């Protein structure tokens, strides 16, 4: 029904995309949906679902074949993200693994690091996370306190990370640390840390409002010895690397949001077409029609923008500002759409057995993670006033020198 009013998505119109979509839908229907209750009870998904995703080629989709990937372009990743969002699947942290960790390794890893980790990641045999956020440090990544002391042939790491997606199940995590603390060379570096390193411990998965099947937890490091060869990229370049790669992460959040909004609308159109009140379908009331017309329009507009961003990312041309716009606007739209749709379900919308209830709980965090939407607005504004901020910074440096 919804497809009757939406334009054809040219970005997913190829035969290869249509075959991939069908495979993804079968995967979700046959191997994910029936396990949702069990995973929510356990606070995590099974390792088997990771391995199955690997067998189907749904992990590390755009990684080169020489490293175990499918060698496809990012639009196939985007399709998978949207289809998962459409069905409200929030347990398996596939996208973080595929769209954040894997590109870090591909772009900044040594050949030995790529050969060691990427094939296992693509096969679902190695589950990964990324450790940025700390208890007293969220969006301000330069304020992290987890530190790595140079001990010659290894780093000695101490600190803590929190809100880590795939944290409890991870076999490896890329962790942001401070190196050369208290010196002129102090900076943020990235270390590849395997979970079986002595002193690497995991907290119990958090009990969250939503995303209950996602194993989000804390990571603790107590005198963890990390070999020097596990440094990702150059020492002190971690912050620059993270800032460069955040555009992709933010786009993936936006893609999940438009998929989720589409799923919410489809569910609500179906429900209001069959549920009756005052001797007619709820869809027969003008208020219902207007609300869903508004939701479908916002979805259409965001699909067009996100499609453009997806093409730009595939061509390595997506700017930080555009990615911030995609993340901020799509997640705000998603929240409003789900709220409107839940209202049309009436009391049933508040029952956990109905997908709209899970969607309502799951989507709220999207306006927080990958940088809060307030931070997205700051980044967009910096682009608008780039020259002014550069002049202000230059003047500040000049004033410091003259003191």
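The values are calculated or read from the model by the stated rules, or taken from the named source; none is laboratory data. Since the structure is predicted, the reported quantities are computational estimates derived from the model, not experimental observations. Cβ coordinates were reconstructed from backbone atoms using ideal geometry, including for glycine residues, and neighbour counts include every protein chain displayed.
General remarks:
Yes or no, residue by residue, for (1) in the same structural domain as residue 245 (by TED's automatic domain parsing); (2) closer than 26 Å to residue 12 by Cα:
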position: 300; (1), (2): yes, yes
position: 328; (1), (2): yes, yes
position: 345; (1), (2): yes, no
position: 349; (1), (2): yes, no
position: 360; (1), (2): yes, no
position: 371; (1), (2): yes, no
position: 381; (1), (2): yes, no
position: 400; (1), (2): no, no
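- Any hit, the stretch 196-211, residues being at positive phi and either buried (at least 18 other Cβ atoms within 10 Å of the Cβ) or assigned by TED's automatic domain parsing to the domain that holds residue 91 (or both): yes
- Among the conditions (1) within 24 Å of residue 203 (Cα to Cα); (2) free of Cβ contacts under 8 Å to residues at least 40 places away in the same chain, residue 155 misses just one, which is (2).
This table checks each residue for (1) touching a helix residue (DSSP H, G or I) at 6+ places or on another chain (Cβ under 8 Å); (2) farther than 17 Å from residue 235 by Cβ; (3) buried (at least 19 other Cβ atoms within 10 Å of the Cβ).
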{"position": "123", "(1), (2), (3)": "yes, yes, no"}
{"position": "130", "(1), (2), (3)": "yes, yes, yes"}
{"position": "137", "(1), (2), (3)": "yes, yes, no"}
{"position": "140", "(1), (2), (3)": "no, yes, no"}
{"position": "144", "(1), (2), (3)": "no, no, yes"}
{"position": "151", "(1), (2), (3)": "no, no, no"}
{"position": "155", "(1), (2), (3)": "yes, no, yes"}
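- The number of residues in the stretch 157-177 that are in a strand (DSSP E or B) and either buried (at least 22 other Cβ atoms within 10 Å of the Cβ) or in the same structural domain as residue 49 (by TED's automatic domain parsing) (or both) comes to 9.
- Scanning the stretch 286-300 for residues that are surrounded by fewer than 14 Cβ atoms within 10 Å (Cβ to Cβ) and touching a residue at least 12 places away in the same chain (Cβ under 8 Å) yields one hit, 294.
- Here is the figure for the stretch 233-285: residues that are closer than 21 Å to residue 74 by Cα and free of Cβ contacts under 8 Å to residues at least 12 places away in the same chain total 1.
- Unique residue being touching a helix residue (DSSP H, G or I) at 6+ places or on another chain (Cβ under 9 Å) and not in a helix (DSSP H, G or I) when the list is 318, 312, 306: 318
- Yes/no for residue 327 being touching a residue at least 60 places away in the same chain (Cβ under 8 Å) and out of contact with any strand residue (DSSP E or B) (no Cβ under 6 Å at 6 or more places or on another chain): yes
Here's the yes/no breakdown for (1) closer than 29 Å to residue 211 by Cα; (2) part of a helix (DSSP H, G or I); (3) under 12 Å from the mean Cα position of the chain (by Cα); (4) in the same structural domain as residue 311 (by TED's automatic domain parsing):
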| position | (1), (2), (3), (4) |
| --- | --- |
| 71 | no, no, no, no |
| 79 | yes, yes, no, no |
| 82 | yes, yes, yes, no |
| 85 | yes, yes, yes, no |
| 89 | yes, no, no, no |
| 99 | yes, yes, yes, no |
| 105 | yes, yes, no, no |
| 116 | no, yes, no, no |
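- Some residue of the stretch 42-53 being under 27 Å from residue 203 (Cα atoms), free of Cβ contacts under 8 Å to residues at least 24 places away in the same chain and not assigned by TED's automatic domain parsing to the domain that holds residue 251: yes
- In the stretch 356-378, the residues that are assigned to a helix (DSSP H, G or I) and surrounded by 19 or more Cβ atoms within 10 Å (Cβ to Cβ): 356, 357, 358, 359, 360, 362, 363, 365, 366, 367, 376
- Residue 7 falls short on exactly one of the conditions (1) assigned to a loop (DSSP other than H, G, I, E, B); (2) out of contact with any helix residue (DSSP H, G or I) (no Cβ under 8 Å at 6 or more places or on another chain); (3) surrounded by fewer than 13 Cβ atoms within 10 Å (Cβ to Cβ), and that condition is (2).
- When the stretch 360-374 is filtered for residues that are under 16 Å from the mean Cα position of the chain (by Cα) and either in contact (Cβ under 8 Å) with a residue 60 or more places away in the chain or over 30 Å from residue 210 (Cα atoms) (or both), the ones remaining, listed by number, are 362, 363, 364, 365, 366, 369, 370, 371, 372.
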